[in-house]
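What follows is calculated from the coordinates using simple rules that are stated; it is not laboratory data. A quick note: this is a predicted structure, and the numbers were derived from the prediction, not measured. Every residue, glycine among them, receives a Cβ derived from its backbone with ideal geometry; neighbour counts consider all protein chains shown.
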Amino acid sequence: MINAKIPKFKSLVPLKETEINHLLWPPKFSSLPLALQHYINSDTPIHGQKIHSYIFKTGYKPNTNICIKLIILRLKSSCLFYARQLFDEMRQPTLSAYNYMISGYVKHGFVLESFDMVKKLCLSGETPDAYTLSMILKGSTSSYAESYSPYIGKQVHAQIFKCVIEGDDVLYTALVDSYVKSGRVDYARRVFDLMLEKDVVCSTSLITGYMNQCYIEDAEDVFSRTTEKDVVVFNAMIEGYSKQVENAKKAIEVYIDMQRLGFRPNISTFASIIGACSALAEFEIGQQVQGQLMKTELIEHVKIGSALIDMYSKCGLVEDARRVFNYMPEKNVFSWTSMIDGYGKNGYPNEALELFSVMQIDHLIVPNYVTFLSALSACAHSGLVAKGREIFESMERDYSMKPRMEHYACMVDILGRSGSLNQALEFVINMTERPDSDVWAALLSSCRLHGDVELANLAANELFKLSSGSRPGAYVALSNALADAGRWDGVSELREIMKIRGISKGTGFSWVGGDSSLKAFFAEQHI
């Protein structure tokens, strides 16, 4: 639900004499449409509100055309309250009036109000047109209407057939986007295939949907069929490829191809290709991308700086990451978090915790959930139990941030790694929420590390209750703990259970970098 109130007005900017068009003021009633249109088309529509005041003071009863222009003027000035007031005063609002109000509500984030307006339209006897339906779809895909999104696309689709509405590219593109964002790419593809002309916007939306669900071949098919490409559709392919290490090499290929075709990378392109370099640990290519960036103003953008820090950190080049961090003209919480996480994961826990402290004390940056997770992880790797507990408790005490399950799991890992298994168990038992599988997995891992078979068995049983078939590693950890203690009967029994439940541990492998690509290398496999 939206709790925000619809604003009544926006503070008026005082007009100077030179800012007033004397040809339009004071307006004659016959020239009101012209005067209103002048301000609607201007960069400062808020200055036209004095015409509404003038009409109100004179007692003039505007016709439907003028009423609609006044509504547009108020909407463009972000005065939704007065726009709605004008709408409600109309004797018989037209479809155009409804559409302007619906569009205004959607653009300003009042999605539920726009849906109410659609209901009002249908009850009035008016029939929605293609523009109405496209606005409904746009509203359904916004962050304000997440709970409605899965259903509205289908309802609008049905309405198109029911009312025999002649759809256009805008409507069908909105319908495809709605289905994609609700996770129904199969329905999105059906609509897409029925479109006579498939524009690049629609293709990009469908490609993004396929990539999000790892349907790589389908995304490639749509991309190959897109005749008129732009930077955004290339970005969708690059971003999609960069999310999976096995496809990240293709992201680099598309990145090169788009430049050969004359397309200039933008900030989203660079951020995605740096992400691909991170996945592949290809710091040499990342350095070339950084060289490209240094010729543009984008090198100073905080998003690019954070991406470079993450890339160098994942490639083990912490000094290069810190160099980027130091030269960033602007840093946000994501930049600090990337650097803290980089230090922690590369074996520099003290530097990570020092930066975590400097961020808060010297720069007054408020940590987010990921920042706290990175700091706690650093404590776990350095055995700093007291510091970890202090950081964990500061989340709710200092920042009113309720720890999530991953923070609880990390705290269990801190206690467990240090050998305080009983404290770790007590911590789990006293949790305000029911522990999830990650929390019990952290405790099981610590029990395996320190050879506590009884507690390992307890943690494993709790873990199996929550996810009996989705955590094969838990079975292996318990089996190893039993084997280390010489309890081979228990090992045999556990392996029988795994067979009965159809659980098998996936084959372990390492990524090996070659001249042409990154390949998975299995045990006893010849390169």
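With R₀ fixed at 30 Å, the C-beta to C-beta distance from Gln292 to Asn332 puts the FRET efficiency at about 0.85.
Per 0.36 nm of contour for each residue apart, how much would the distance between Asp193 and Gln37 grow if the chain were fully extended, relative to their Cα-Cα spacing?
Full extension from Asp193 to Gln37 adds 52.1 nm.
Taking 0.36 nm per residue of sequence separation and removing the Cα-Cα distance, the Gln213/Val370 pair yields an extension gain of 54.1 nm. With 0.36 nm allotted per residue and the present C-alpha distance subtracted, the Tyr54-Glu393 stretch has 116.0 nm of extension available. Here Asp168 and Asp88 are evaluated by their C-beta separation; at R0 = 30 Å the FRET efficiency comes out at 0.50. Please identify the GluC sites (Glu not before Pro) of the stretch 421-456 that satisfy two criteria: DSSP loop assignment and at most 12 other Cβ atoms within 10 Å. Which are they? Loop-located and lightly packed - Glu433. Where a Cα-Cα gap under 17 Å defines reach, which aspartates and glutamates qualify for Lys198, not counting those fewer than 8 residues away within the same chain? Those aspartates and glutamates meeting the cut-off are Glu166, Asp168, Asp169, Asp177, Asp186, Asp218, Glu220, Asp221, Glu228, Asp230. With Cα atoms defining each centre, the stretch 399-422 and the stretch 172-192 are spaced 41 Å apart in the structure. Listed cross-link partners Lys120/Lys243; Lys243/Lys295; Lys303/Lys465; Lys250/Lys465; Lys181/Lys314; Lys243/Lys402 are compared with a 32 Å cut-off, the Cα-Cα value being larger for Lys120/Lys243; Lys303/Lys465; Lys250/Lys465. Couplings for the stretch 179-190, taken from phi via the Karplus curve 6.51 cos²θ - 1.76 cosθ + 1.60 with θ = phi - 60°, read 5, 4, 6, 8, x, 9, 5, 5, 5, 4, 5, 4 Hz in order; Gly and Pro are left as x. Enumerate the aspartates and glutamates that Lys76 could reach by cross-link, defined here as Cα to Cα under 16 Å, with residues fewer than 8 away along the same chain left out. Within reach: Asp43.
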